[in-house]
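What follows is calculated from the coordinates using simple rules that are stated; it is not laboratory data. All values derive from a computational prediction rather than experimental measurement. Backbone-built Cβ (ideal geometry, glycine too); neighbour counts: all protein chains shown.
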Amino acid sequence: MDLSFGPEYEEFRTEVQQFIAEHGSKSPRQGGARDKEAIAWQKVLIEHGYAARTIPKEYGGFGAEPDIIKSRIIAEEFSKNQINTGLGGQGISMLVPVLLEMGTEEQKQEFIRPTIHGEMIWCQGYSEPGAGSDLASLSTKAELDGDEWVVNGQKIWTSTAHLADWIFCLVRTEPEAPKHQGISFLLFRMDTPGIEVRPLVDMTGDANFNETFFTDVRVPKHQIVGQRGQGWQVANAILGHERGSLAPPDAAQTRLNGVRKLMETETVGGEKLIDNPVYRDRLMKLQGRVLAMKCNDIRLLSARINKTQDAKLAGMIVKLQGTELRHELEALAIDVMGEIGLAYGDNPYLRGNGSWQYQYMYYLGLIIGGGTSQIQKNIISERGLGMPKEPKIEKKA
Amino acid sequence: MEFGLSSEQSLLQDSVTRYLSEQLPLDEVRKVASGDVNDAAVWQGLADLGIPGLLVSEANGGLGLGSLDAAVVSEALGYHVTPSPFLSSAVIAPVALQTAGRCEDLLGSVATGELRIGAALAEGIGARADAGLTANGNTLNGKSLFVLDVDADQYLVATSDRKLYLVAADAAGLSRSPLSTIEKTRSTCELNFSNVDATLVSEDPGVFDKTWDAALVAVAADTLGTAQSALDQAVVYAMQREQFNRVIASFQAVKHMCAEMAAELEPCRAMVWYAAHALDEIPEEATMMACHTKAHLSEVGQFVTRTSTEVHGGMGFTDLVGLHYWFKRAGFNRQILGSPELLRERALSVTTLAA
């Protein structure tokens with residue numbers, strides 16, 4: 001048992017702290033796609049190795065060797081000082097890793113540099129109205145016509161489609177093959193004729209997602225990652241990157257501290273909310289669960305550093321437990337506020353800009369998105385506990 | 001950076017597990033539970049492995065190991081629903097006496113398993129209206145309930161104001177009577193004190209608190225093992241039991257119950273490790289972690305043992321399978337040394353809002 005990172009890493013921590021002291025004032029408070037300040041900040045981060053850290057220099061990254069502890073120290077120091085960690089989005093978090101692994105040299109040269117610098121925005125075209133948990137049954141098709149794929153069909157849950165320059169998209173190219181072997185992974189521009197994006201308003205009142213329609217969209221033949229029919233393997237390589245990151249325990253602790261602060265400052269009938277034993281116990285019960293997930297997270301970090309440690313099951317449960325925990329945390333904040341918990345939009349009595357209400361709904365979305373809780377339970381029981389799959393039911397002819 | 005068990009800790013756990021798997025099949029547990037035999041033989045077997053002296057310093061004649069070592073042993077004991085006075089004699093008593101620096105000469109025979117020290121902490125945690133213990137000088141009067149270990153030679157007793165004393169089981173004015181509980185693998189009793197002369201261990205409530213914290217982590221680790229066994233048994237049973245021409249492990253309703261158990265339980269392993277590590281190395285977090293860990297494991301232990309019972313269907317409810325020993329062990333661990341609600345209150349009282 002050794003929770004310290006050692007002297008050479010403490011030296012690195014000092015380096016990070018110096019960077020923050022020197023440049024931290026330029027850190028933008030927010031900033032999504034196309035935000036000039038955010039793009040300028042991203043450039044500073046890449047130059048100093050705090051974004052795109054392990055991406056080779058030839059593709060525009062910083063070119064450092066992967067070092068889990070250094071990445072962790074960067075994350076800790078940035079979070080402690082509330083410094084913007086740089087641009088995110090599905091291009092950076094999902095497409096770039098896959099291109100590095102499975103892209104051609106030309107694709108790496110063309111796409112990685114502008115993507116990590118925030119100059120090329122991507123959206124993800126995976127789910128379809130008829131292909132959710134059973135993603136491999138997707139039916140958007142692409143047929144080869146000369147040197148071009150012709151894409152027809154519909155995608156859903158395409159966040160940022162309305163902002164994106166490009167899409168990475170799963171399409172069926174081999175209709176005769178078994179469902180997992182008939183899919184290809186295409187890249188194409190979002191201004192190609194035949195693409196229509198319709199915003200999809202969700203329960204929060206925002207349009208966090210879109211529906212995207214394709215009618216005879218023509219895509220150059222070479223804009224494929226991997227071989228024809230290999231798209232499922234390509235997509236799975238990226239889905240693994242997504243799941244654990246949906247519910248980090250440190251963020252849960254920050255939210256829990258927020259609920260506690262709310263309870264320590266708000267009064268109802270002259271009584272502080274924290275003095276209500278029922279609310280207080282709910283808060284501390286959640287604190288216990290957050291602590292368990294924080295310890296689990298330390299174990300996962302350790303297992304990534306020390307390859308002999310087995311933490312497979314500990315990793316599998318993170319999405320299921322983490323999203324549910326966040327949803328319940330946000331729910332507690334709403335409950336303790338009583339009627340004010342109903343406030344939304346421009347209500348003058350709103351607390352914390354309405355983030356409790358918003359996140360309460362948003363996390364219900366995350367319980368479902370990225371592999372539903374029920375799919376997670378299948379994965380845990382089958383791959384974690386070795387239980388058999390549900391037998392297939394023959395389709396009626 | 002390495003967060004996990006050392007190879008020595010894994011070996012220690014393996015050796016205890018091997019002994020218990022070989023020498024303590026469920027039939028042996030049943031004999032103790034039914035009162036046919038006591039736990040002396042098991043305790044002797046564990047003594048041959050050095051377990052009673054795990055936390056006793058080398059100077060005092062023990063192995064001088066740490067809280068995480070005690071936790072991995074406690075987990076193994078819970079996994080096998082082991083009848084033994086481990087919690088009182090190997091954790092509570094050595095921690096109290098060594099923290100106070102008093103009566104340490106007794107610990108040599110505690111370490112060999114010859115001397116059993118029981119633990120009466122309940123009055124320091126929260127005395128009932130019909131119990132409670134007071135000290136006038138070194139003379140004790142009152143009553144202590146749910147005292148761990150009916151067969152102990154001596155008792156570490158806490159007064160209602162969290163002073164600790166040591167008293168011989170056969171001291172004049174002390175009477176002892178067993179208390180039946182749902183849990184038959186570990187014994188409890190009530191002690192009645194009428195002008196009993198006792199030896200002061202410590203008047204410092206800090207010593208009581210440190211002892212309590214160590215006990216909480218050991219109980220949480222016991223629940224971890226108890227619940228892990230309940231989950232393992234559920235998976236094994238579901239893979240064997242057939243209904244509708246299928247093993248029931250192929251039904252999602254059953255699989256999801258098992259997945260929920262695993263999802264709740266797996267983070268508890270890291271939590272117990274961290275809490276044990278904090279007892280020895282991170283004093284500013286020790287009490288907070290001990291309280292949360294025991295409270296959280298109590299919730300998870302209850303959920304897992306009841307869900308495992310459901311996976312076993314009607315058989316889970318019977319004495320034939322014996323799963324109820326694990327259910328009751330988790331229940332016992334939940335109630336003793338502070339309920340989850342009480343411990344969460346204590347955790348809140350020792351933490352201020354993080355910046």
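Here are a few things to note about the model shown:
- Put simply, of A:Asn353, A:Asn347 the only residue that is in a helix (DSSP H, G or I) and among the polar types (S, T, N, Q) is A:Asn353.
- Checked against (1) over 18 Å from A:Ser4 (Cα atoms); (2) facing chain B (nearest Cβ under 9 Å); (3) in contact with a helix residue (DSSP H, G or I) (Cβ under 7 Å, 6 or more places away or on another chain), A:Lys294 passes all but a single condition, namely (1).
- No other residue among B:Ala152, B:Ala215, B:Ala198, B:Ala158 is under 25 Å from B:Phe303 (Cα atoms) and buried (at least 22 other Cβ atoms within 10 Å of the Cβ) apart from B:Ala215.
- Strands (runs of 3 or more DSSP E) (entirely within segment A:170-243) containing at least 2 residues that are in contact with a helix residue (DSSP H, G or I) (Cβ under 7 Å, 6 or more places away or on another chain): A:183-189
- Restricting segment A:41-90 to residues that are among the basic types (Lys, Arg) and assigned to a helix (DSSP H, G or I), the residue that is nearest to the chain's Cα centre (by Cα): A:Arg72
- Segment A:352-387, residues that are farther than 14 Å from A:Gly322 by Cβ and among the aromatic types (Phe, Trp, Tyr): A:Trp356, A:Tyr358, A:Tyr360
- Those residues of segment A:104-120 which are touching a strand residue (DSSP E or B) at 6+ places or on another chain (Cβ under 9 Å) and surrounded by fewer than 22 Cβ atoms within 10 Å (Cβ to Cβ), in sequence order: A:Thr104, A:Gln107, A:Met120
- Of all residues in segment B:1-24, those satisfying the criterion of being surrounded by 19 or more Cβ atoms within 10 Å (Cβ to Cβ), part of a helix (DSSP H, G or I) and among the aliphatic types (A, V, I, L, M) are B:Leu12, B:Val16, B:Leu20.
- One residue stands out in segment B:232-250 among those that are touching a helix residue (DSSP H, G or I) at 6+ places or on another chain (Cβ under 8 Å) and surrounded by fewer than 24 Cβ atoms within 10 Å (Cβ to Cβ): the one that is nearest to the other protein chains (Cβ to nearest Cβ), namely B:Val235.
- Search result, residues across segment B:132-177 that are among the hydroxyl-bearing types (Ser, Thr, Tyr) and under 26 Å from B:Gly35 (Cβ atoms): B:Ser144, B:Tyr155, B:Ser175, B:Ser177
- Residue count for segment B:251-270, restricted to those that are touching a residue at least 60 places away in the same chain (Cβ under 8 Å) and more than 7 Å from every other protein chain (Cβ to nearest Cβ): 0
- Residues satisfying the stated conditions in segment A:167-207, i.e. within 18 Å of the chain's Cα centre (by Cα), crowded, with 16+ Cβ neighbours inside 10 Å and either over 20 Å from A:Trp149 (Cα atoms) or not aliphatic (A, V, I, L, M) (or both): A:Phe168, A:Cys169
- Members of segment B:281-290 that are at the interface with another protein chain (Cβ under 9 Å from one of its Cβ atoms) and assigned to a helix (DSSP H, G or I): B:Glu281, B:Met288, B:Met289
- Screening A:Leu95 on (1) in contact with a Gly (Cβ under 8 Å, 6 or more places away or on another chain); (2) surrounded by 14 or more Cβ atoms within 10 Å (Cβ to Cβ); (3) not polar (S, T, N, Q) shows it passes everything except condition (1).
So that you can scan it fast, the table gives a plain yes or no per residue for (1) away from chain A (no Cβ under 14 Å); (2) part of a helix (DSSP H, G or I):
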site	(1), (2)
B:Ser177	yes, no
B:Val217	no, yes
B:Thr226	yes, yes
B:Ala275	no, yes
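- Selection from segment A:182-206 of residues that are touching a His at 6+ places or on another chain (Cβ under 8 Å) and among the hydrophobic types (A, V, I, L, M, F, W, C): A:Val197
- Residue in segment A:275-285 that is of a type outside the set (Asp, Glu), more than 9 Å from chain B (Cβ to nearest Cβ) and exposed (fewer than 14 other Cβ atoms within 10 Å of the Cβ) present: yes
- Residues located in segment B:79-105, provided they are surrounded by fewer than 21 Cβ atoms within 10 Å (Cβ to Cβ) and within 20 Å of B:Ser144 (Cβ to Cβ): B:Arg102, B:Cys103
- Only listed residue being on the phi > 0 side of the Ramachandran plot and touching a residue at least 60 places away in the same chain (Cβ under 8 Å), chosen from B:Gly113, B:Gly124, B:Gly137: B:Gly113
- Residue within segment A:119-130 that is farther than 30 Å from A:Glu58 by Cβ and among the hydrophobic types (A, V, I, L, M, F, W, C) present: no
- Across segment B:296-318, not a single residue is classified as facing chain A (nearest Cβ under 10 Å), over 15 Å from the mean Cα position of the chain (by Cα) and not in a helix (DSSP H, G or I).
- Boolean, B:Ala129 is part of a loop (DSSP other than H, G, I, E, B), out of contact with any Phe, Trp or Tyr (no Cβ under 9 Å at 6 or more places or on another chain) and closer than 14 Å to B:Val196 by Cβ: no
- For segment A:370-397, the tally of residues that are touching a residue at least 24 places away in the same chain (Cβ under 8 Å) and more than 10 Å from every other protein chain (Cβ to nearest Cβ) stands at 5.
- A:Ile393 being β-branched (Val, Ile, Thr) and over 26 Å from the mean Cα position of the chain (by Cα): yes
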